[in-house]
Every structure is written in structure tokens, then in C-alpha cells.
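Since the structure comes first, as C-alpha cells, the remarks are kept for the end.
The values are calculated or read from the model by the stated rules, or taken from the named source; none is laboratory data. Quick caveat: nothing in here was measured; it's all calculated off a predicted structure. Here the Cβ positions follow ideal geometry from the backbone for every residue, glycine too, while neighbour counts run over all protein chains shown.
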Amino acid sequence: MDDKSITDEYEILSHLSKSFFPSAKPLGPEQKIRIENYNKYKAETRNVNSPVVTITELHNAIFSINSKSSSGSDGIGLDLIQCTYNILSETLLKLYNKCISLKYYSGR
């Protein structure tokens, strides 16, 4: 750093953290509006119970479809999802339930 050798671990980590994680820039007006809208949404939906997909329903849905069917718009084939189900099941379950709670559905 600046043509000098640093050996102190704390000082090295301090320089690295400043390099990799610089100070945050101030929020712009668009970002502030998005944050306000999100906070309003969270407040409005705090007590709304959304239907929940269970791990059994997820498993049944994934394995009831022919694995030879064509992949979706993301290019990920069902055969890949079925082969990695034991690894991905909890993540997929969280994803599906979050999409339901946010009322998000991609039409692609």
C-alpha cells in the first residue's frame, strides 16, 4: 500500500474492506420512493395470511411432470430440477412461497 509493506492483520483487513466495500452513495429520489413503497406494502400486508406451499406439494408437483418436457424460458430443464431436488428443495420452497406472498408471477 503506497509503496510500504503492511504486516498488521487489522490494518490489512481495514484496507481490504475499504477497497472491496466502499462507503455507500446517498440514496437518490427513485431509490427513496422504492423504499417507501416497499415499507407501505409491508405494513399493509403484515397481517395477511398467504397460502403456503408445503414440501410435500412441491415434491409432488416436481415429480408428477414428465422430466422429458421442454424447459421453461429460463432454459432450466425439469430433469435438472428433479436430479438436484434434494439440494434445491428448501430454496425452491422458500422461493415459491415468497412469490405467493408477494403476489408475483412471471408471465414469461
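For first residues located in segment 75-86 and of a type in the set (Val, Ile, Thr), partners that are in a helix (DSSP H, G or I) and lie 6+ apart or on another chain with Cβ distances below 8 Å form the pairs ILE81/ILE62; ILE81/LEU88; ILE81/LEU92. Do we find that LEU92 is part of a helix (DSSP H, G or I) and touching a residue at least 24 places away in the same chain (Cβ under 8 Å) in this structure? So LEU92 fits the description; yes. If I filter segment 9-18 for residues that are over 29 Å from the mean Cα position of the chain (by Cα), of a type in the set (Asp, Glu) and exposed (fewer than 10 other Cβ atoms within 10 Å of the Cβ), do I get at least one hit? Yes, some residue in segment 9-18 is over 29 Å from the mean Cα position of the chain (by Cα), of a type in the set (Asp, Glu) and exposed (fewer than 10 other Cβ atoms within 10 Å of the Cβ). For segment 20-34, a residue qualifies if it is modelled with pLDDT of 80 or more and either surrounded by 10 or more Cβ atoms within 10 Å (Cβ to Cβ) or among the hydroxyl-bearing types (Ser, Thr, Tyr) (or both), and the qualifying residues are LEU27, GLN31, LYS32, ILE33, ARG34. When ASP74, ASP2 are screened for being part of a loop (DSSP other than H, G, I, E, B), charged (D, E, K, R), surrounded by fewer than 10 Cβ atoms within 10 Å (Cβ to Cβ) and modelled with pLDDT under 75, only ASP2 passes. Taking segment 95-108 as the range and being in contact (Cβ under 8 Å) with a residue 40 or more places away in the chain and polar (S, T, N, Q) as the test, the residues that pass are ASN97, SER101.
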